[in-house]
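J.: The structure is given below, and queries will be raised subsequently.
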Amino acid sequence: MNDKNNIIDIDKYSLLDLFELDNTEILKLKSIEGKEEEYSMFLGTFEFTIAHYYHDNDKKITDKEVVNLLKDIKANLDKKMNYFQHLLGALLIDNLIEIFDEENITVHEFNLVIDYVLESIENHSWMSD
């Protein structure tokens, strides 16, 4: 299913189907802070997709809306990928699928990546949306 020659059916698979299994060493990670380079493809995908969505589709989207969407993705990894109906969510899923062809990540690592992005948004929340 993760083969570059295969197209992932978003009506059939969830993000959970794409993850590697967590192991004891990975589960010890509390944050990816200091390991940003290791997770740069995933971090970059979130940043790129959100920025392009804002620029191309909805300049009125707020940080709160993005945070809620990211929390929804994190809470619903087991749902079929077509569950994410918001255009930004669908774009994130599409772009993440492409990375899974090149990079492996576990559920725990993915959740830490989302936490990192959420913290980044929170850290600039003192600025206006």
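J.: Just to check I understand the Karplus step: with θ = phi - 60° and J = 6.51 cos²θ - 1.76 cosθ + 1.60, what whole-Hz values come out for region 10-22, glycine and proline as x?
T.: 5, 7, 10, 10, 9, 4, 4, 5, 9, 7, 6, 6, 5
J.: When the accessible area of the chain is split by element with a 1.4 Å probe, what percent falls to carbon and sulfur?
T.: Numbers: 3940 of 8060 Å².
The nonpolar share, carbon plus sulfur, comes to 49 percent.
J.: Which residue, Leu16, Leu29, Leu92, tops the fluctuation ranking in a GNM of the chain built on C-alpha contacts under 10 Å?
T.: Leu29
J.: Compute the Kirkwood hydrodynamic radius of the chain, taking the inverse of the mean of 1/r over all pairs of distinct Cα atoms, and give it in Å to one decimal. Write out the running numbers ahead of the final one.
T.: Working: mean 1/r = 0.0654 Å⁻¹.
Result for the chain stands at 15.3 Å.
J.: Span-like helices, the chain: DSSP H, alpha-carbon axial extent 15 Å or more, mean Kyte-Doolittle 1.6 or greater, which ones? Walk me through the intermediate numbers first.
T.: Working: long enough: 40-56 (23 Å, 0.11); 63-75 (18 Å, -0.26); 87-100 (20 Å, 1.87); 107-123 (24 Å, 0.34).
Answer set is 87-100.
J.: Hey, can you find the accessible area per residue of region 58-107 for me, probe 1.4 Å, expressed in square angstrom?
T.: Counting only protein heavy atoms, the per-residue value for region 58-107 is 53 Å².
The values are calculated or read from the model by the stated rules, or taken from the named source; none is laboratory data. Everything numeric in this text was worked out from a predicted model, so none of it was measured. The accessibility values were calculated without ligands, DNA or RNA, using every heavy atom of the protein model including side chains. Shrake-Rupley method; radii C 1.70, N 1.55, O 1.52, S 1.80 Å.
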